[in-house]
1. Quick one: Asp53 ticks every box in (1) buried (at least 18 other Cβ atoms within 10 Å of the Cβ); (2) acidic (Asp, Glu); (3) at pLDDT below 95 except a single one, so which number is it?
2. Can you pull out every residue in the range 66-84 that is among the small types (Gly, Ala, Ser) and out of contact with any Lys or Arg (no Cβ under 6 Å at 6 or more places or on another chain)?
3. Which count do you get for residues in the range 171-197 that are in a loop (DSSP other than H, G, I, E, B) and of a type in the set (A, V, I, L, M, F, W, C)?
4. Is it the case that the range 195-207 has a residue that's closer than 22 Å to Pro284 by Cα, in contact with a helix residue (DSSP H, G or I) (Cβ under 9 Å, 6 or more places away or on another chain) and modelled with pLDDT of 80 or more?
5. Considering only residues that are at pLDDT below 85 and surrounded by 17 or more Cβ atoms within 10 Å (Cβ to Cβ), which ones fall in the range 5-34?
Amino acid sequence: MQNLLQDIESRQLEHRIRFLKTRALAHEERAEHEKLIYGDYRHSACAATLLRDAGCLCLLIGNIKEGRQLIFESGVKFLNIGLPYGMLLLTISNIKAPAKSIEKYIYLSRIIMHQHKFDRHTETADERLPLGEASINSPRQILSLIQTNWLTKGRTTKDSEIDEEALYSTLQHRQGYQIGTTGLSYWTYKNIALSLTNNVSKYSFPQTELPTAAKNGFQTLIAIRSENIRRARQNSYQWNLVARPSEILDVDAIVIALLAIFGEMSKELLGSFGQNDDPLVTAPIAIALSLSTNR
């Protein structure tokens, strides 16, 4: 895949990736010390975030192999502090065989839905995930479980299935919650995804058409991304720093693109639908295609 950040010097991009990985390592080392003495998880969270950003930047410049590995490592670290967002990252990083990555972490969904509690007879305080049960109050974490379920439906064991309806009911009163950097409402985002997942589960939709909700959703995503990127580029200093690569990439948009691919829509058609004068605008589509084919 081509480098989608060609307006930034390659040397600057390489330097930024090294910086993010080095800072992550520093936080990891500090995390071990803080966890032992204070039970603190903040450095672990910082390390996970930095690795995610480094992985996103690698994907944006076309280094799919390293990007996949960094996203995977980030997902493990998020899960180790009890954030299901990590499960979504693990799924995306290993989208060809997600069951291998996520099944041992599936109990997190049961923690969030009050279907499972830590066994205090077998786990010490240090082994408990510090944010596991607190995640029930976070729309972002619940959404991550819903997204994981969409991407893995029918591809994991029955014991690993997530109670999708229970998750939907949890967000019933948060329909206006804004998703990702495009700011789509949860209601709109869910309708786009379900228009795709319903087609996957019931029948293979025609190779020449997207469901209407999905088509409108892609058009909206592309339009908002185009404006966001155009506005961000106006500040050339901040743009060249690549301070927020995860926002440039937008993992939530990648989820929608992957669902379209799973619906047996031809990759060529999905790629042509995402044509734009600026390839960075349609980066989630291009990267979803790469993640679903490259190993």
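1. (3)
2. Gly67, Gly75, Gly82
3. Narrowing the range 171-197 to residues in a loop (DSSP other than H, G, I, E, B): 171-177, 180-183.
Within this subset, residues satisfying the condition of being of a type in the set (A, V, I, L, M, F, W, C) are 171.
Here the count works out to 1.
4. Looking only at the range 195-207, we keep the residues that are closer than 22 Å to Pro284 by Cα, and these are 195-200, 205, 207.
From the residues that got through so far, the ones that are in contact with a helix residue (DSSP H, G or I) (Cβ under 9 Å, 6 or more places away or on another chain) too are 195-197, 199-200, 205, 207.
The next check asks that each one be modelled with pLDDT of 80 or more; those that pass are 195-196.
Yes: one or more hits.
5. Scanning the range 5-34 gives a single hit, Ala31.
The values are calculated or read from the model by the stated rules, or taken from the named source; none is laboratory data. What you see is a predicted model; the values in this text were computed from it and never measured. Heads up, the Cβs are rebuilt from the backbone with ideal geometry, glycines too, and the neighbour counts pull from every protein chain shown.
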